[in-house]
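Worksheet: the structure to be examined is printed underneath.
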Amino acid sequence: MRFRFIFSIVAFMSIFLGLALLGPVAVDLYFKNTHSALLFLSASIFICSVSTLIYWALHPKEEQPLRTKEMFLTTTLIWLFYALWGALPIYLSIPNLSITDAFFESMSGLTTTGATILSGLDYLPRGVLMWRAMMQWLGGIGVILIALTILPTLRIGGMQFFTTEFSGDAIRQSPTVIQTMRLILAVFVTLTTICTIFLKIAGMNWFDALAHAMTTIATGGFSTHDASIAFYNNAQIEWVITVFMFLAGLPLVVWIQLFRRQWFLIRQNAQIKTYILFTLIALVLLLLGRWLFGTLITQTAIRSSLFSLLSVITTTGFVVENYNVWGSFSVLFFLFLLSVGACAGSTSGGIKMFRFAIMGREMSARLKASIQPHAIIIPRYGNRAISEDLSSAVLFFLGIYLSVICLGSLALSLTGIDTLTSFSGALTALANVGPGLGNFIGPDSTFAGLPDAAKIILAFLMLLGRLEFITVLVLFLPFLWRRST
């Protein structure tokens, strides 16, 4: 394991985070908040200086490609150090904020989870609010690049199948990885810009529009107000965010295919069909549950239901109503939806639609085989057969997911919090959703009241969920650290 080389890469990537802090500096200067601007500038200089010194001290003269085990460690360390560095300006800018709370907020932002310990957002410096939005935006684009370039090569959770089936054509037409990254960044910037414009037209000011566009496209959910989107009480704003949350749940490479007019690839994308069908069925079930609970199904009820549904499915976490009061069916339904996630290749967290679809087709094939034992039944997804290797990878991923939820819930319960908070907290952190269920971490609450130990556990679960578990968990295997591996 070439630790000097690995830490030089981490230091090099940290320089970009330090430079990104100049964005909040400019925002604070524009709004004449000099004190906050100086704090962010100091954090930027410190991070860039330390990172540059580490990079020049450790970087080897000859560059070599990372080996697989080194890629696991490098990816995990980059996200961990980004969360640590990102916590610095938050800690400096908000009085009486503990280091644990600052780290929790930073990790939640970077992993696009959206769980927050902060209150009084309406009165915080604009630079802090912009930095929260920027962390989610940077984390969102980082997730896409990892999903398309690193996870498939490591054969994690069936992602190699996703890449070759749904984004391979778009990637293969790009001569280099750098070209692919430029295309993805261009799409991300374009969607964010369009969303900003529509939110401004709908009634937001430019600052709120940009901040919410960044967190919407990144499916993060950080808002500039304590009441989240409910603050505006504006149907047009809710519809704009609903539409863009749905679009953000699509694989990002679909937009590249759309630009290239590759309509046949989009029409043949089984994951998109699953995503649309699942959303429609879930909406009908949710409205039915609310109707049985006594809610009149008006246009407002449909809008709030669809908004909340997509907010959870895409793991965005915005709030317009407290769905804890929609009846027991709705609460249990949202508890299930916390782990679903949208499409692989999007910024959403969760298990992802394609894994559910693959397991569904595998189960269907097994049931048919039990009725027709002599028939040769090959499960298919889209235009490709589902191999045993793929089924095993997806099943292994689901097994890890359920195991971590159980262990995370138990660990949280040891900190003294109740059962519902422990279970929904583990779910929402692992799926990178944001709000959980119950009185402590529900849609209209923050995570501030939890013990510090619980916040550290939740931050670790956020990192696990964002990096698809195995990237982090494999680091705990002893054989990885042997010199011969």
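Each value in this text was obtained by applying a stated rule to the coordinates, not by laboratory testing. Keep in mind that this is a model prediction, so the values were computed, not measured. No Cβ is skipped: glycine too gets one built from the backbone with ideal geometry, and neighbour counts run over all protein chains shown.
Details
- Put in line by how crowded their Cβ is, counting other Cβ atoms within 10 Å and starting with the fewest, Cys48, Cys406, Cys343 read Cys406, Cys48, Cys343.
- Put in line by how crowded their Cβ is, counting other Cβ atoms within 10 Å and starting with the fewest, Ile184, Ile194 read Ile194, Ile184.
- Sequence of Lys32, Lys61 once ranked by neighbouring C-beta atoms within 10 Å, starting from the fewest: Lys61, Lys32
- Whole-number D in µm² s⁻¹ for the range 264-374, Kirkwood Cα-pair radius fed into Stokes-Einstein, 10 °C, 1.306 mPa s: 103 µm²/s
- Helical runs assigned H by DSSP (4 residues or longer) give the chain a calculated mean residue ellipticity at 222 nm of -21000 deg cm²/dmol, each run adding -39500 (n - 2.57) before division by the residue total.
- Taking 27 Å as the straight-line reach from the Cα of Lys32, the lysines in range (excluding those fewer than 8 positions away in the same chain) are Lys200.
- For Lys69, the lysines whose Cα comes closer than 22 Å to its Cα, not counting residues fewer than 8 places off in the same chain, are Lys61.
- Dividing the Cα radius of gyration of the range 13-156 by 2.2 N^0.38 Å, with N the residue count, gives 1.12.
- In percent, rounded to a whole number, the relative contact order of the chain is 17, using alpha-carbon pairs under 8 Å and six or more apart.
- Modelled FRET efficiency - R0 25 Å, Ala375 with Leu395, Cβ distances, 0.05 increments: 0.65
- P(r) weight above 31 Å for the chain, C-alpha pairs, percent: 42 percent
- Built amide H within the under 5 Å cut-off of Arg380, gap 5+: Ile386
- Reachable lysines, given that their alpha-carbon falls under 28 Å from the alpha-carbon of Lys273 and they are not under 8 places away in the same chain: Lys352, Lys368
- Across the range 344-387, the mean sequence separation of Cα contacts (distance under 8 Å, 6 or more residues apart), normalised by length, yields a relative contact order of 30 percent.
- Compactness check for the range 393-452: Cα Rg over 2.2 N^0.38 Å is 1.16.
- Normalised radius of gyration (Cα atoms, divided by 2.2 N^0.38 Å) for the range 376-422: 1.83.
- Residues of the range 263-285 with an amide N closer than 20 Å to a point placed 7 Å from the Cα of Ala186 along the Cα-to-Cβ direction: 263-266.
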